[in-house]
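Report on the following structure.
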Amino acid sequence: MRNYLAEALGTFAIVFCGTGAIIINAMSDGAISHAGIAITFGLIVMSMIYALGNISGAHFNPAVTIAFYFSGRFPAKEILPYILAQIIGALIGSGVLRFLFPEDTTYYGATLPAGSDMQSFVMEFILTFLLMLTIIHVAHGSKEQGMIAGLAIGSVVLLEAMFAGPVCGASMNPARSLSPALVSGNLQSLWLYLLAPVLGAVSAVFVWKLLHAPTGKTA
């Protein structure tokens, strides 16, 4: 049970701080800035990995949980409980923000395409692919923990949010996109933020397997 609580707490923190930064930036006329929002996401992900990684593995992301299953590092019976915990934590995060900022104009930090759905779909696929490729190389089994893991994963989140955020929102996380969409009632293009990260993360696992496949002996 404690691992599910850790997943809910970590996902809550990411949504509360990350999307909270988007909301406060809008209401303060850009006091935080786009760079500040990206840094907030990167730092909260890194912090939660350090705080909770040794308990649950610090997935905080349904796409990561599903990808770890395909890697052979995570049991099938734990997929649904982990995802439910992540979604519950994210919904609580967005719910608290709606209570605190009832006049918000950002749809509570919802991820929305700046261009076409296809453009954002491809961006989210690639961003999550790169994120998962990093995660699986620094994780211990299915656990994101340790100094290297927190720094590497948090840095990738920051980097991708920094350059891709204005285009697609740089969600890379179905729970992070689902909760503000449900709380705000804006389900526009939600499908791509649910599907693209999962496909990107799973694709990264198959590439990881290719990279680490046994090679024949050379003369």
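Counting Cα-Cα pairs of the range 6-55 in 5 Å increments starting at 0 gives whole-percent bin shares of 5, 25, 27, 18, 13, 8, 3, 1. Computed over the chain, relative contact order equals 31 percent, with contacts defined as Cα pairs under 8 Å that lie 6+ residues apart.
With each label modelled as a point 7 angstrom along the Cα→C-beta vector, the residue 195-residue 117 pair spans 0.7 nm. By the count of neighbouring beta-carbon atoms within 10 Å, fewest first, 168, 17 end up ordered 17, 168. In the list [x] 17.9; [y] 18.9; [z] 17.1, the label attached to Kirkwood radius over Cα pairs in Å as derived from the coordinates here is [z]. Going by Cα centres, the range 18-53 and the range 162-206 are how many Å apart? The range 18-53 and the range 162-206 have Cα centres separated by 17 Å. Looking at the square roots a ≥ b ≥ c of the eigenvalues of the Cα gyration tensor of the range 120-165, which shape do they give, rounded for a/c under 1.5, prolate if a/b is larger than b/c, or oblate? Note, shape of the range 120-165 comes out oblate.
Under 5 Å between amide hydrogens, built in the peptide plane, is the criterion, and for residue 140 it picks out 145 among residues at least 5 positions away or on other chains. In the chain, a dipole from Cβ-located charges (positive for Lys and Arg, negative for Asp and Glu) runs towards its positive end, and of 113, 22, 91 it is 91 whose Cα lies farthest in that direction. Specify whether the C-alpha gyration tensor of the range 85-186 places it in the rounded, prolate or oblate class, a ≥ b ≥ c being the square roots of the eigenvalues: rounded for a/c under 1.5, otherwise prolate if a/b is larger than b/c and oblate if not. The shape class here is oblate. FRET efficiency for residue 210 and residue 187, Cβ-Cβ distance as r, R0 = 41 Å, nearest 0.05? Efficiency computed from Cβ-Cβ geometry: 0.70. With each label modelled as a point 7 angstrom along the Cα→C-beta vector, the residue 26-residue 140 pair spans 4.1 nm. At an R0 of 22 angstrom, the distance between the Cβ atoms of residue 99 and residue 47 translates into a FRET efficiency of 0.40. Rounded to the nearest 500, the helix-only mean residue ellipticity at 222 nm of the chain stands at -25000 deg cm²/dmol, with each DSSP H run of n ≥ 4 adding -39,500 (n - 2.57).
Stokes-Einstein, applied to the Kirkwood radius of the range 129-219 over Cα pairs at a viscosity of 1.567 mPa s and 4 °C, places its translational diffusion at 87 µm² s⁻¹.
Each Lys and Arg contributes +1 and each Asp and Glu -1, all at the Cβ; summed about the Cα centre of the range 2-211, the dipole is approximately 560 debye.
Here, each number is a calculation from the coordinates, and none is a lab measurement. Computed from a predicted structure; not experimentally measured. Note that we place each Cβ from the backbone using ideal geometry, even for glycine, and neighbour counts take in every protein chain shown.
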